[in-house]
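Below is one structure, written out as structure tokens; comments come after it.
The values are calculated or read from the model by the stated rules, or taken from the named source; none is laboratory data. Worth saying up front: this structure is predicted, and the values here are computed from it rather than measured. Neighbour counts are summed over all protein chains in view; Cβ atoms, including those assigned to glycine, are modelled from backbone coordinates with ideal geometry.
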Amino acid sequence: MTDRIVINNEIINELIKLSVTEYGNEAAVSSSSHLRWKYLDNPSGPTYADILYQGSQIIGRVVYTPREFVSKDGSLRAVNPIDVLIDGSYRSPANFPQLMQGIRHHDQSQLIYFSPNNVSAPLYEKLLKFRPVGTFTLSGIPLRLDRVLSNRVPKWICSVLGVFGIPWRGLVRGVVKLLRLGGKVSLVSNQPSAADLDSLNSYFLESPVWVGDRSSTFHQWRFYDGPRFIYRVRYAFSNNELVGYLVARIADFEEMRAAVILDCVVRPGSSSRVSRALLADAVNWALLERADLVATLSYGSSAIATALRRFPLLRIPKKMSPQEMAVLAEWLNEKRDNEDPDISLTLADLDVF
């Protein structure tokens, strides 16, 4: 039996039991404080879930988190399916479609979007008939070449790359120093006022494509209020006006220490020097943190997405990516028969990590 519920404190405790069985106690999805913040405090509205039962026992769940999108055509409500899990003892060809039977049924939403991993993508595409609208662009820069390529080239090549690592990082450090000095913007870590953030967000109300809300309320919840992860947020000012910001954090990724950029929000029409200065500042920070690489994902043609594809970051070939990173998105309800959604995404629009 499958039941749709609005998530509350009581059901979170039950969902944690399922997570602990699969991922252990240390995973974020097994943390009660993290889930209460992620599910209950989301400023976009109530988070709900489809729960799969075997008798009275919860054996599966898919959580739908709300997200607001804006463009020149107005605003709309979207849902992002996350935290999909079926107990290992009950995984079968029948239980996955049963759990996901309501994935397109959301009365208050006009859009659904998500990016499954390589394991689950065939299930969504073949069983549930979702069609990819595109793929994420992977951008970044390797800082420790031997570490980044250790699983992709012979060991002797890694040894050679290790020798060239110091001059390579020296070159990167010199380039980003020039970009930081040439940006003609002031970069600070102090959080600006809500009015400044909302003023920056207002420029995206005229975006030609749909972008996720970047209001001060979302910003505070997403990057400051969570109990689990610490983000580094840097703000760019020009003539005492907030013109952009960048959010990043250090994360372990395939046995590497990665500086992951979640968002680079730059006022549309601003000089590309603003985004380059923010990106260069992030790369310099990654060097100080002894990260193995800097990486980010973006999709679509918005100013937010394109800012993440600028130098000093480089476009990483798809064959170097560990995942296909397909974007699945569909209009819902009254928009159901429209063309593919013209949306733009960054990691800030996906599940919290």
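Every condition in (1) free of Cβ contacts under 8 Å to residues at least 24 places away in the same chain; (2) within 30 Å of E334 (Cβ to Cβ); (3) not acidic (D, E) is met by A49 except one, and the failing one is (1). Residues in segment 43-94 that are within 13 Å of I5 (Cα to Cα) and among the charged types (D, E, K, R): D50, R61. Checking each residue in segment 59-89 for being under 16 Å from G102 (Cβ atoms) and either at pLDDT below 95 or among the basic types (K, R) (or both) picks out only R61. The criterion of at least 3 residues that are buried (at least 23 other Cβ atoms within 10 Å of the Cβ) and at pLDDT 95 or above is met by the following strands (runs of 3 or more DSSP E) wholly inside segment 242-350: 256-266, 293-299, 343-346.
Do the conditions hold for G60, that is, is it surrounded by 14 or more Cβ atoms within 10 Å (Cβ to Cβ) and more than 29 Å from N201 (Cβ to Cβ)? Answer is yes for this residue.
Being within 20 Å of the chain's Cα centre (by Cα) and either surrounded by fewer than 20 Cβ atoms within 10 Å (Cβ to Cβ) or at negative phi (or both) is not true of T21. Which residues, counting only those in segment 37-48, are of a type outside the set (S, T, Y) and surrounded by 22 or more Cβ atoms within 10 Å (Cβ to Cβ)? If the condition is that a residue be of a type outside the set (S, T, Y) and surrounded by 22 or more Cβ atoms within 10 Å (Cβ to Cβ), then K38 is the only one that fits. Would you check if there is a residue in segment 238-258 being in contact with a Phe, Trp or Tyr (Cβ under 9 Å, 6 or more places away or on another chain), touching a residue at least 60 places away in the same chain (Cβ under 8 Å), under 24 Å from G165 (Cα atoms) and of a type outside the set (V, I, T)? Yes, some residue in segment 238-258 is in contact with a Phe, Trp or Tyr (Cβ under 9 Å, 6 or more places away or on another chain), touching a residue at least 60 places away in the same chain (Cβ under 8 Å), under 24 Å from G165 (Cα atoms) and of a type outside the set (V, I, T). In this structure, is L179 at pLDDT 95 or above, surrounded by 11 or more Cβ atoms within 10 Å (Cβ to Cβ) and within 29 Å of the chain's Cα centre (by Cα)? Answer is no for this residue. Restricting attention to segment 219-239 and to residues that are among the aliphatic types (A, V, I, L, M) and buried (at least 17 other Cβ atoms within 10 Å of the Cβ), the residue that is farthest from S32 (Cα to Cα) turns out to be A236.
I'd like to check something: does segment 185-201 contain any residue that is surrounded by fewer than 12 Cβ atoms within 10 Å (Cβ to Cβ) and in contact with a helix residue (DSSP H, G or I) (Cβ under 9 Å, 6 or more places away or on another chain)? The answer is yes, given that some residue of segment 185-201 is surrounded by fewer than 12 Cβ atoms within 10 Å (Cβ to Cβ) and in contact with a helix residue (DSSP H, G or I) (Cβ under 9 Å, 6 or more places away or on another chain). Here is a check on your reading of the model: is I5 surrounded by 18 or more Cβ atoms within 10 Å (Cβ to Cβ) and of a type in the set (A, V, I, L, M, F, W, C)? Here the answer is no, as I5 does not meet what is asked.
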